Amino acid sequence: MRFPINKITKELEIKSFQLHKWEERGWLGTEPVLKDPDNNNQRMYNKQQVERIEFIDEVTKDQRKKGIHRTDPKEMEMLLLEKFG
């Protein structure tokens, strides 16, 4: 099952450019993000990618609560490795 980018951004209240940045950094795993040609090439995420997105979102929101406004990429990569292998 695939989930469209607009559904994820609405549910998590995040911006699509954030997801694109996370993709560029390789934080969503090794499987490529697919684009739906029938829906204006909208990005579609699989279940594992959505789990990673939710985890990244949770970490960044927790950091903001602590006053940290910029996530250290190396720290996030370490957390992702610990969580997802």
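Every read-out reported here was derived from the displayed coordinates using simple, explicitly stated rules and does not represent laboratory data. In this text the structure is predicted, and so the values were computed from the model without any measurement. FYI the Cβ positions are ideal-geometry reconstructions off the backbone, even for glycines, and counts take in every protein chain you see.
Counting other Cβ atoms within 10 Å of each Cβ, which trypsin sites (Lys or Arg not before Pro) in segment 36-85 have at most 14 and sit in a DSSP loop?
66, 70
Please list, by residue number, everything in segment 1-45 whose backbone N is under 12 Å from a paramagnetic label point 7 Å out along Cα→Cβ of residue 77.
25-27
So, how do all the Cα-to-Cα distances of the chain break down into 10 Å bins, in percent, from 0 on up?
Reading the bins upward from 0: 16, 53, 26, 5, 0.
Out of the trypsin sites (Lys or Arg not before Pro) in segment 1-36, which ones are loop residues according to DSSP with at most 14 other C-beta atoms within 10 Å?
15, 25
In deg cm²/dmol and to the nearest 500, what is the mean residue ellipticity at 222 nm of the chain if only DSSP H runs of at least 4 residues count, each as -39500 (n - 2.57), divided by the residue total?
Result for the chain: -17500 deg cm²/dmol, rounded to the nearest 500.
In segment 1-82, what GluC sites (Glu not before Pro) fall in a loop by DSSP, with at most 15 other Cβ atoms inside 10 Å?
Taking segment 1-82 and a limit of 15 other Cβ atoms within 10 Å, the loop GluC sites (Glu not before Pro) found are 13.
Would you grab the residues whose amide H sits under 5 Å from the one on residue 42? Only those 5+ places off in sequence or on another chain, please, with H modelled 1.01 Å from N.
For residue 42, whose amide H was placed from the backbone, the distant partners under 5 Å are 36.
Below 8 Å, C-alpha to C-alpha, sequence gap of six or more: please give me the relative contact order for the chain in percent.
After rounding, I find 30 percent.
Taking the Cα centre of the chain as origin and charging only Cβ (+1 Lys, Arg; -1 Asp, Glu), how large is the dipole, in debye to the nearest 20?
My answer is approximately 240 debye.
Under a cut-off of 20 Å between alpha-carbon atoms, report the aspartates and glutamates in cross-link reach of residue 21, not counting same-chain residues fewer than 8 places apart.
Reachable aspartates and glutamates: 11, 13, 31, 36, 51, 54, 57, 58, 62, 72, 75, 77.
Between residue 6 and residue 62, what length in nm is gained on full extension when 0.36 nm per residue of separation is reduced by their alpha carbon distance?
17.9 nm
Given 15/35; 7/74; 10/74; 35/74, which pairs have Cα atoms separated by over 21 Å?
Beyond 21 Å: 7/74; 10/74; 35/74.
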